[in-house]
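Enquirer: Following this message is one structure expressed as structure tokens.
Please treat every number below as a calculation from the coordinates, not as lab data. Computed from a predicted model, the values in this text were never measured in an experiment. Note that we place each Cβ from the backbone using ideal geometry, even for glycine, and neighbour counts take in every protein chain shown.
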Amino acid sequence: MAKILGILAVIVIVIVLLMTPAVQNLIAETLFSPFEEKVPETAVFKLTRGLQVAANGGTITNFTLDTPSLEDLSPGGTVLQQVLNTSELPSASSSASRYGVPWLVWQHGELKGVQTYEVQMSYEVRVNAHVWDIDAGSSANLSDIPYPLKGAYLHDEWKIVVANPAIEAKAASLVGQEKDVYTNLYSIYHWVVDNIRYPASPRLGDPATSVDTLASKVGDCDDQSILFCALARAAGIPAWLQLGALFDPTDGSWNGHGWVQTYIPLVGGGGQYVIIDTVNHDFLVYKPNRIVEYTDDGNEAHLHDYYYSFSYSYVTESYSPGQGPEYLETFTSVSYQPSQAKVSLGSIFS
């Protein structure tokens with residue numbers, strides 16, 4: 001009898017210990033942590049961005065380079081990007097606000113033969129990880145989305161073609177009669193991830209329209225994001241492009257990148273601006289591996305302006321047929337300092 005009572009006492013003690021937060025956290029960390037993806041809580045990057053113009057054997061009479069200046073980013077009060085330092089060499093010819101965004105402009109005269117002109121911008125940026133704790137239970141409905149966002153981000157915009165039978169039909173098939181914003185975004189996200197293939201080789205030139213990517217089922221980061229925006233807009237959810245560059249810590253490289261920003265209204269009022277990146281399978285997750293250069297404001301002329309930072313005049317007869325000036329944009333990593341503290345992104349099986 002005494003032995004049984006002793007065993008029962010031990011069981012009771014174990015149960016009590018298991019109920020304490022410290023022990024529960026230890027168990028969770030031991031059992032589930034290996035199956036969760038974790039990223040640094042924050043990271044500080046130093047990098048350079050180069051813009052190069054080459055006469056390419058002919059004569060450029062004059063040209064202009066322009067690009068938005070890097071800014072702090074805190075959508076809805078969530079601090080994602082803090083610009084610690086920037087510099088340009090040579091200094092910009094002018095700097096002014098262009099549709100609410102600080103813009104740098106370099107103007108240059110003649111360039112000919114093998115001559116080149118290069119601008120080098122240096123950035124030091126702190127990027128913070130963030131996971132939006134939103135689900136179908138906390139998300140409100142389409143009718144709760146603020147009207148200013150609907151006015152800015154539900155229409156056709158350059159390559160984001162919304163008013164198209166194929167786009168409208170696909171959006172309707174994905175969301176049905178569902179009004180919950182989170183659920184509809186999740187449905188669109190998974191369809192794009194499961195059905196749009198990344199191209200085997202980089203595609204040059206303009207991004208594809210949403211209609212073309214839907215038809216081909218192939219698209220890079222811009223193409224997939226443009227398609228996502230079109231499907232979301234057709235479903236009544238404002239969604240827009242965010243553009244910048246992505247860091248790959250495995251080889252220390254930076255490459256231009258594009259993804260989606262949208263808004264989820266919350267039960268009880270208010271809402272949150274969130275990030276969706278179909279190419280990297282990030283749904284409501286912001287990893288500290290990117291910089292934001294430009295956030296689409298819904299005006300297609302402004303979006304087009306971002307994509308075309310090089311404009312020029314040249315002597316046509318100085319080039320062979322099919323030839324002309326060349327423009328190259330590069331990113332180079334200088335340093336990467338991730339924090340020791342980590343943020344869990346959830347189960348790797350989700």
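Enquirer: In the chain, once you exclude exposed chymotrypsin sites (Phe, Trp or Tyr not before Pro) (DSSP loop, at most 13 other Cβ within 10 angstrom), what's the longest stretch remaining?
Expert: In the chain, the maximal stretch lacking such sites is 100-307.
Enquirer: In what order do Cys221, Cys229 fall by count of nearby beta-carbon atoms within 10 Å, going from fewest to most?
Expert: Cys221, Cys229
Enquirer: How much length is gained if the chain between Ser253 and Ser122 is pulled fully straight, taking 0.36 nm per residue apart and subtracting their Cα-Cα distance, in nm to one decimal? List each step's numbers first, then the result.
Expert: Details: separation 131, 0.36 × 131 = 47.16 nm, distance 1.52 nm.
Separation in residues times 0.36 nm, less the Cα-Cα distance, equals 45.6 nm.
Enquirer: Run the reach check for Lys287 against lysines, Cα to Cα strictly under 24 Å, same-chain hits fewer than 8 apart removed. What comes back?
Expert: Counting by Cα, and skipping residues close in sequence, Lys287 has these lysines nearby: Lys38, Lys46, Lys342.
Enquirer: Once you keep just the Cα pairs under 8 angstrom separated by 6 or more residues, what percentage relative contact order results for the chain?
Expert: 28 percent.
Enquirer: Here is a follow-up. FRET efficiency for Ser95 and Ala152, Cβ-Cβ distance as r, R0 = 25 Å, nearest 0.05?
Expert: In this case the efficiency is close to 0.45.
Enquirer: While we're on this one: What translational D, rounded to a whole number of µm²/s, comes out for segment 280-350 from Stokes-Einstein when the hydrodynamic radius is the Kirkwood one over Cα pairs, at 10 °C and 1.306 mPa s?
Expert: 90
Enquirer: To the nearest 0.05, what FRET efficiency results for Lys217 and Gln337 with a Förster distance of 30 Å applied to their C-beta separation?
Expert: That pair, Lys217 with Gln337, gives E of 0.15.
Enquirer: While we're looking at this one, here's another question. Only Lys, Arg, Asp and Glu count, each charged at its Cβ (+1, +1, -1, -1), so figure out the dipole size of the chain about its Cα centre, rounded to 20 debye.
Expert: The dipole magnitude comes to about 800 debye.
Enquirer: Rounded to the nearest 20 Debye, what is the dipole magnitude of segment 131-286 about its Cα centre when Lys and Arg each give +1 and Asp and Glu each give -1 at the C-beta?
Expert: Its charge dipole is roughly 340 debye.
Enquirer: Less than 18 Å from a label point 7 Å out along the Cα-to-Cβ axis of Asp206: which backbone N atoms in segment 239-255 qualify, by residue?
Expert: Residues passing the 18 Å test: 241.
Enquirer: Now, a different point. Where is the GNM fluctuation largest for the chain (alpha-carbon springs, 10 angstrom cutoff): Thr61, Thr278, Thr78?
Expert: Thr61
Enquirer: Sum -39500 (n - 2.57) across every DSSP H segment of at least 4 residues in the chain, then divide by the residue count to get the 222 nm mean residue ellipticity, nearest 500.
Expert: -8000 deg cm²/dmol
Enquirer: While we're here: Classify segment 236-344 as rounded, prolate or oblate, taking a ≥ b ≥ c as the square roots of the eigenvalues of its Cα gyration tensor: rounded when a/c is under 1.5, otherwise prolate if a/b is larger than b/c and oblate if not.
Expert: oblate
Enquirer: Still on this structure, I have one more. With each label point set 7 Å from Cα along the Cα-Cβ vector, what nm distance links Ser138 and Thr64?
Expert: 4.5
Enquirer: For Cα pairs less than 8 Å apart in space and 6+ apart in sequence, what is the mean separation divided by the residue count of segment 131-286, i.e. the relative contact order in percent?
Expert: Result for segment 131-286 is 27 percent.
Enquirer: Taking the Cα atoms only, what angle lies between the long axis of helix 21-32 and the longest principal axis of the chain, rounded to 10 degrees?
Expert: 60
Enquirer: Please find, in a Gaussian network model of the chain (springs between Cα atoms separated by less than 10 Å), the residue of Gly219, Gly236, Gly58 whose mean-square fluctuation is greatest.
Expert: Taking springs between Cα atoms under 10 Å, the residue moving most is Gly58.
Enquirer: In a shell of Cβ-Cβ distance under 15 Å around Leu70, excluding Leu70 itself, what net charge do Lys and Arg (+1) and Asp and Glu (-1) give? Write out the running numbers ahead of the final one.
Expert: Numbers: positive: Lys46, Arg49, Arg98, Arg126, Arg290; negative: Asp66, Glu71, Asp72, Glu88, Glu124, Glu293, Glu329.
In short, -2.
Enquirer: Shifting gears a bit: Can you give me the angle between helix 221-234 and the longest principal axis of the chain, using Cα atoms only, in degrees from 0 to 90, rounded to the nearest 10?
Expert: So the inclination is approximately 70 degrees.
Enquirer: Got a sec? Charge dipole of the chain, +1 on Cβ for Lys and Arg, -1 for Asp and Glu; which of Ser69, Ser311, Leu185 is way out at the positive end?
Expert: Positive-end residue among those listed: Leu185.
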